[in-house]
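This report refers to the structure that appears directly beneath it.
The values are calculated or read from the model by the stated rules, or taken from the named source; none is laboratory data. Only a predicted model underlies this, so the values are computations on that prediction, with no experimental measurement involved. Every residue, glycine as well, gets a Cβ built from its backbone with ideal geometry; the counts of neighbours run over all protein chains shown. In case anyone asks, the SASA skips ligands and DNA or RNA and just uses the protein heavy atoms, side chains included. Shrake-Rupley method; radii C 1.70, N 1.55, O 1.52, S 1.80 Å.
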Amino acid sequence: CSQFAVLVAFGYITQTKIISVKNKGDFYMENNFKKQIADDIALIKEQYSHIDSRIQNDEFAFNYWVLSRLYSLDEEIIPNYITDINDKGIDCFVHYEDTKELFLIQNKYYSEDTAVSRECVSDFLYTPLRVLLNGKYSKSPELQKIFDRAITDSDYKIWLNFYVTNDYITDDIITLINQFSFDKSKNDRIEACIYANYSNLQDIKNIYYGER
């Protein structure tokens, strides 16, 4: 298994980290954390299914877990920030107006042996941005409004954050993330900085425990 997180700004790599799980103890700790996520999801279902019936689906409930545990959103307001699931675009988003940050998020609640396809990551990195730039993101008018304001502000940071609950990775995805570039010269509206970040289970665990 390998674990990595890559941060890219318009094709310029500012950070690359590749870590290997070297022993059974590390593997056990990762499985332990995956079980904690599953236990948290069971609790989310028990406490909040009355506000969203879709939460009974584990993959959907993982959106609640990410938004509440990694971004500290209250569960009661999370339905306003989930756009869609089971596609290759944006599952949910978070907007911090005070720090001028917009997070566009895709989540994959996968088993250890389920691969993330290169196509899935590629679609997420480019398709939603093109749709939003064209002003045609119908799944969330609120997100479209926020994006329209953010993209023209040079102080804004727009993050494309991809989360997956395993450490399965291929060279194709590593290359895709390393080479990510959204050419701002092709659209004169783009003033914000755009970043891409791929987080596997170990990275998610580090974020959860504040070890970013």
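Observations
- The Rg/Rh ratio of the range 66-189, with Rg taken over Cα atoms and Rh as the Kirkwood radius over Cα pairs, comes to 0.96.
- Per residue, the accessible area of the range 171-212 comes to 51 Å², computed with a 1.4 Å probe over protein heavy atoms only.
- Those trypsin sites (Lys or Arg not before Pro) in the range 114-150 that DSSP places in a loop and that have at most 16 other beta carbons within 10 Å: 136, 139
- On the beta carbon distance between residue 58 and residue 118, with R0 = 25 Å, the FRET formula returns roughly 0.55.
- Residue 73 long-range amide H proximity, modeled H, under 5 Å: 68
- Among the GluC sites (Glu not before Pro) in the range 89-185, those placed in a DSSP loop whose Cβ has at most 12 other Cβ atoms within 10 Å are 97.
- Antiparallel content of DSSP bridges confined to the range 65-212, in %, to 5: 30 percent
- Pairwise FRET efficiency - residue 75 versus residue 32, Cβ, R0 = 30 Å, nearest 0.05: 0.80
- Of 108/184; 139/186; 100/145; 34/108, pairs whose Cα-Cα distance is over 22 Å: 108/184; 139/186
- Residues whose amide H lies under 5 Å from that of residue 196, counting only those 5 or more places away or on a different chain, are 8, 160; hydrogens are built 1.01 Å from N in the peptide plane.
- Environment charge of residue 176, counting only residues whose C-beta is closer than 12 Å and scoring Lys/Arg +1, Asp/Glu -1: -3
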